[in-house]
Amino acid sequence: VLAEKRSLGSRDGPPHLVVVVPLHSGTAVHDTLRLLQSQDSAVVRVEEGKGGGFALLCPRLKQRWRFVTAQAGDHHAVLDLAKVADSLLFILDPTDGWDSAGEYCLSCLFAQGLPSYALAVPGGADLPPKKRIDAKKKLAKAIEKRFPEAKLFPLNTEQESTLLLRHLATQKQRHLAFRDRRAHLLAYAAEFVPGQESDLVGTLKVSGFVRGQTLDVNSLVHIVGHGDFQMSQVDAPPDPLSLNPRVGKGQKSRQDMEVQDDSLNGTDEMEEDVKVLMKADPSKQESLQSEVVPDPMEGEQTWPTEEELLEAEASLKASRRVVKVPKGTSKYQAAWIVDDGEEGNQEGDDEDDDIDDDIDDDMMEEAVSQEGESSEEEEEPAEEECETMTVSECLRDDQYDEKVEEDEQMLERYKQERMDEMFPDEVDTPRDVPARVRFQKYRGLKSFRTSPWDPKENLPRDYARIFQFQDFCRTRKHLFRKIEKEETEGASVGWYVTLHVCNVPVSVMESFKEGKPLVLFSLLPHEQKMSVLNFLVRRHPSNSEPVRAKEELIFHCGFRRFRASPLFSQHTSADKHKLERFLRPDTGLVVTVYAPITFPPASVLVFKERSNGNDWALHDLIATGSLLSVDPDRIVIKRLVLSGHPFKIFTRTAVVRYMFFSREDVMWFKPVELRTKWGRRGHIKEPLGTHGHMKCHFDG
């Protein structure tokens, strides 16, 4: 612990990175920064055009700091900076503490994971001494809910700013697991070199201090908000924040140590003071491949021998029966279909049987091929769930009516959510389509908990494109143990390096020039590959709008940020999990998405974009949680309940109507168990008439 505390901000470690977060629109951030810059023995280096960031070098204390201000209102920038910050410096208002935007910012930061922090209160010096004490007590009470037992640092004089700096330097560092296991850096400077083919893609040279772990040139780097990239080489330019500017001893010794064969060739063209530390080795470099290219022959079996074929024919003749099924039915479902003529005559001509068998087989093959295309385990859609949207013929002048249309859509969604809450999974039997066709992808489960369901059955061809681990937990444990025990070669923590990142779009550089932070994380093995991620989340109390499954949402998972259309399901210990149509406010749910693999622990924040624009300020935090697992075999099942009304009731039997509207449907659903509102169980005995009335028998 001591070694860690001493290395942070010292000559050999990275500078102490402090992110200044204003939590109230009325706070004067510039005055705070000016006070911090006024240290008597310190050298101040101001960074140009980076939104008021500066570095502070104190040779007397052997400490160096780098202060970065987060732009107020840009929550994604604040979250990105907090991913790499050593300490956060919250600037509070002397009377209110924080406003609603500050409260929202704190919610996001707490959900993502909070590094070490300090609370500074500038201003309030103009109050009379007696009122000042009262104001301080009131503020301490107000912040107690978020920060119990936190110390408030008044910030009006140079002496107080020295105290604050000392507190930041000596306080215990809080660890964020997802960044301690990966090398990461915040760009101090960046330069874009356009490629030969086009000006839109090129090499990005990013300079900064390595933190977290040793950075290997052959690993991939993730630029937060932009994607995964390969590196071509790592240079060691002179340290811009050296404590003794003549020549850093650490710098000199490590350059002598790192002169490799590659660097000898490259130094002639480069400037004297930039040494090439490492060049990427194509044989060891991680590839950017994120999907499997499935081999169509993979699932093929070897051709059976003559004897096996004859044996199979004989056993089939003995056990086969002919069933007429609607198109789109899988073999698995056909197993519990009752044939109309089954109760009647069982005798038939053998020859007819054989002909029927052939027709039946062809029908089956057709049905299975259709099924394979349309139904998928992870998302068993009964129909394409579409949302209606009103598109106006011409752009109207009065914006108000458009608002009303939005309101109506919202009202419709509130109604759907309410109905789903009151009558979970209940659907009306359609009048225009036979129920056996409308619900052909569904099967009757005697017990949701114990009935078997094969996770690999009827998957679409595309599902083979994602990666799956044989044992995810074991792989993760093995990787983490390797990080702890083995020494990796590369740029050590605290070095100032320049990374050459290949094939980067020019938009990355443009956003850096606008003053947005440029944050890089190195990836662990496999983390660029696509799989199915399951997050365990809870609704955030600040937002109560209905959120349907398959709506596009924005996810912050660990160090990544991406858009996806998720599925929601219940969090249970069973092997099958019921699909939820809406994100419930009262319980924890599992959210399933296709995304690049990330090894837990990692925090998850879910944002929803408001319908009126693409601005970051228009994103609502709807749920927070953590990464549960990476598992493409987690079965999410959509459940349907069809309901009918008793028409006549006898002791243990009843005539039920309105569940089906044709005799064939009643026969089709005969094998499925019934249950009443109070838990009686029963089955369909026989259909009555031709309009879907049926006689049902119950267990009591």
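The single residue among SER522, SER565, SER507 that is polar (S, T, N, Q), in contact with a His (Cβ under 8 Å, 6 or more places away or on another chain) and surrounded by fewer than 22 Cβ atoms within 10 Å (Cβ to Cβ) turns out to be SER507.
Could you pull out the residue among HIS697, HIS645 that is farther than 30 Å from THR592 by Cα and under 45 Å from the mean Cα position of the chain (by Cα)?
Details: HIS697 fails: under 45 Å from the mean Cα position of the chain (by Cα).
The conditions single out HIS645.
Screening the candidates VAL121, VAL43, VAL84 for the property of being touching a strand residue (DSSP E or B) at 6+ places or on another chain (Cβ under 7 Å) and either among the polar types (S, T, N, Q) or surrounded by fewer than 15 Cβ atoms within 10 Å (Cβ to Cβ) (or both) yields one hit, VAL43. GLU160 satisfies every condition listed in (1) open to solvent by 60 Å² or more (accessible area, probe 1.4 Å); (2) over 40 Å from the mean Cα position of the chain (by Cα) except (1). Quick check on region 95-102. Is at least one of its residues among the acidic types (Asp, Glu), touching a residue at least 12 places away in the same chain (Cβ under 8 Å) and in the same structural domain as ALA70 (by the TED database)? Yes, region 95-102 has at least one match. For region 24-38, the candidate set comprises residues that are open to solvent by 20 Å² or more (accessible area, probe 1.4 Å) and either in a helix (DSSP H, G or I) or modelled with pLDDT under 70 (or both); within that set, the residue that is nearest to ASP239 (Cα to Cα) is GLN37.
If you go through region 200-215 and keep only what is open to solvent by 10 Å² or more (accessible area, probe 1.4 Å) and not in a strand (DSSP E or B), you end up with LEU200, GLY212, GLN213, THR214.
Each row is one residue, and each column tells you yes or no for (1) of a type outside the set (Val, Ile, Thr); (2) farther than 30 Å from PRO455 by Cβ.
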| residue | (1), (2) |
| --- | --- |
| ILE635 | no, no |
| PHE647 | yes, yes |
| ARG652 | yes, yes |
| GLU664 | yes, yes |
| PRO671 | yes, no |
| LEU674 | yes, no |
| GLY682 | yes, yes |
| GLU686 | yes, yes |
| THR690 | no, yes |
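Pairs meeting the criteria (first residue in region 557-574 and among the polar types (S, T, N, Q), second residue assigned to a loop (DSSP other than H, G, I, E, B) and open to solvent by 50 Å² or more (accessible area, probe 1.4 Å), beta carbons under 6 Å, at least 6 apart or on different chains) are SER565/LYS550; SER565/GLU552.
It is to be established whether one or more residues within region 525-547 are more than 25 Å from ALA236 (Cα to Cα), of a type in the set (Gly, Ala, Ser) and assigned to a loop (DSSP other than H, G, I, E, B). Yes.
Yes/no per residue for (1) within 9 Å of the chain's Cα centre (by Cα); (2) more than 30 Å from ASP180 (Cα to Cα):
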site	(1), (2)
HIS540	no, no
SER544	no, yes
GLU552	no, yes
ARG563	yes, no
LEU579	no, yes
GLY588	no, no
PRO601	no, no
VAL606	yes, no
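Cβ-Cβ contacts under 6 Å between residues 6 or more apart (or on different chains), taken from a first residue in region 429-456 that is at positive phi to a second residue that is open to solvent by 40 Å² or more (accessible area, probe 1.4 Å) and polar (S, T, N, Q), are absent.
Among the residues of region 159-199, those that are hydrophobic (A, V, I, L, M, F, W, C) and outside any helix (DSSP H, G or I) comprise LEU176, ALA183, LEU185, LEU186, ALA187, ALA189, ALA190, PHE192, VAL193. For region 568-583, the set of residues classified as open to solvent by less than 50 Å² (accessible area, probe 1.4 Å) and assigned to a strand (DSSP E or B) consists of PHE568, SER569, LYS576, HIS577, LYS578, LEU579, GLU580, PHE582, listed by residue number. Among the residues of region 188-199, not a single one is open to solvent by less than 10 Å² (accessible area, probe 1.4 Å) and aromatic (Phe, Trp, Tyr). Scanning region 445-475 for residues that are out of contact with any strand residue (DSSP E or B) (no Cβ under 9 Å at 6 or more places or on another chain) and over 30 Å from ASP425 (Cβ atoms), we see that the one that is most open to solvent (accessible area, probe 1.4 Å) is GLN470. Of all residues in region 424-444, which are in contact with a strand residue (DSSP E or B) (Cβ under 6 Å, 6 or more places away or on another chain) and over 11 Å from ASP665 (Cα atoms)? Result: ASP425, GLU426. In the condition set (1) under 30 Å from LYS529 (Cβ atoms); (2) at pLDDT below 85; (3) of a type outside the set (S, T, N, Q), PHE423 is compliant with all but (1).
Residue-wise test of (1) among the charged types (D, E, K, R); (2) over 30 Å from LEU106 (Cβ atoms); (3) surrounded by fewer than 17 Cβ atoms within 10 Å (Cβ to Cβ).
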site: PRO632; (1), (2), (3): no, yes, no
site: VAL641; (1), (2), (3): no, yes, yes
site: ILE649; (1), (2), (3): no, yes, yes
site: ASP665; (1), (2), (3): yes, yes, no
site: LEU674; (1), (2), (3): no, yes, no
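All of GLN260, GLN289 fail the test of being exposed (fewer than 15 other Cβ atoms within 10 Å of the Cβ), at pLDDT 70 or above and farther than 24 Å from VAL84 by Cβ, apart from GLN289.
The values are calculated or read from the model by the stated rules, or taken from the named source; none is laboratory data. The shown structure was predicted, so the numbers you read here are calculated from the model rather than taken from an experiment. Heads up, the Cβs are rebuilt from the backbone with ideal geometry, glycines too, and the neighbour counts pull from every protein chain shown. For accessibility, only protein heavy atoms count, side chains too; no ligands or nucleic acids. Shrake-Rupley method; radii C 1.70, N 1.55, O 1.52, S 1.80 Å.
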